[in-house]
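What follows is a set of notes on a single structure, which appears directly below.
The values are calculated or read from the model by the stated rules, or taken from the named source; none is laboratory data. Just so it is clear, the model here is predicted, and its values are computed rather than measured. Neighbour counts are summed over all protein chains in view; Cβ atoms, including those assigned to glycine, are modelled from backbone coordinates with ideal geometry.
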Amino acid sequence: MTNDIDDHGGEPDEIAQFLRERVARHQAPTRLRAAVVETLSPSEGRRRPSLWLPPALSALATAMVMLLWLAPVLPRSGGDPLQLLSHAVMTEHARAVLWGEARPDAMPGALPHVMEESGVLLNWVFTGDQDLRLVNAQPTFLEGRRALALTYQDRDGHSVSYIVARGPNVAIPELGRVQIAKWRPLVTKDDGFALIVWKQSGLVCVMVSDLVSEDDLGRFKEYFVKVRSATELSQRY
Amino acid sequence: MADDEFRQQALQHLDALYNLAVYLTRNGSEAEDLVQETYARALRFSHRFQPGTYMRAWMFQILRNTFLTFYRLREREPAISEAGVPDGEAPMFHHAPAEDGESKGAHMDLERALRRLSEEFRTPLLLAEVEGLSLEEVARIMDCPVGTVKSRIFRAKERLRGLLKDYGGPGRI
């Protein structure tokens, strides 16, 4: 069907023809198709990779420890990939707070190794300032996805985990998004944690902390702006 | 309409929706997010879809409304890529098949010209002339009378014609 509107008193519609011939058609990427199929069929969704061998023992060890320790609190509900990922992120944050070792001196030198193992490339990363210090970085494994977890600590000792997971089939709903500076991530609270969730370069990013009161949430959003504006990601690996 | 039938029909329009999303957001990742949100909303509001009407137009309408509600704020800012760097000259046609220099130049010119059209002119033009939707369907998507759609398409073409002449001279088209 065409709509060659005769806009020149009978002249052939050259612009319409030019558009039809010249405008590039963008085909939906395979990963988007898979994500949409999953969105449309939530009960059949969440097909995990049939086989993935962790490239390094540390990632595997982290995942095993998480499974053992967190088995009682693993989410029981199926279906919502974002909710499942959020729960996994919170448990990862809890692990970092309880067992994580602050190694600020090793940062940012340890990042290349962590990036390679997690499969997430940080072209630029926020390495801290007077308010927020980068104290640890770990490859991890969340809901069947390789991920990278950075831990920051603020001046009052609050831990903030910044987790970047491969998993473009996670849709971030519009409900709950708020404007923070020039971005509009999802901001939510769950089980005593505050979470900020967004997508960047096809990766799912989550910041989580126990900064949940109104004042603290404002501070948490400031941390988000620091991290978001200074971090550039890609899926090179 | 049964859920399965609805899902199957909805999925048929994925490429077309993604294509428009790329032109609206000018960013591949955001286009993917926009399309995912469109499908999530379509599923949520599937009970409102009237069987016998055109699902394609209905899906485009959801996509555009989602874009206007949640993405358009960024359009008022300088074009910023998701990495936070200006993307003014980033090619929108990077997925286009290999082509000779002249064709590539024409694509770039067309890309730049389309970018300079405001959304309310660019969208009806693309829907009508690239996606092949009827004026009635475009009017439904744009939530305006058919006459307005005609007028916007006409003005979009005039503007495009002028811009393309600016870029490449009258012989460009």
Residues in region A:223-232: is at least one in a strand (DSSP E or B), away from chain B (no Cβ under 14 Å) and charged (D, E, K, R)? no
Can you name the residue in region B:116-136 that is more than 14 Å from the chain's Cα centre (by Cα) and in a helix (DSSP H, G or I) and is also nearest to A:Ile15 (Cα to Cα) among such residues? B:Leu135
Strands (runs of 3 or more DSSP E) lying entirely in region A:92-164 (those with 2 or more residues that are hydroxyl-bearing (Ser, Thr, Tyr) and within 17 Å of A:Cys205 (Cα to Cα)): A:145-154
Top-ranked residue in region A:96-149 [being under 26 Å from A:Pro81 (Cα atoms) and of a type in the set (S, T, N, Q); ranked as modelled with the lowest pLDDT]: A:Ser118
Is it the case, given these coordinates, that B:Lys150 is closer than 15 Å to A:Ile15 by Cα and at pLDDT 90 or above? yes
When the residues of region A:204-219 are filtered to those that are of a type in the set (Asp, Glu) and surrounded by fewer than 15 Cβ atoms within 10 Å (Cβ to Cβ), which remaining residue is farthest from A:Leu82 (Cα to Cα)? A:Asp215
Are any residues in region B:1-58 part of a helix (DSSP H, G or I), more than 9 Å from every other protein chain (Cβ to nearest Cβ), basic (Lys, Arg) and buried (at least 18 other Cβ atoms within 10 Å of the Cβ), and if so, which ones? B:Arg56
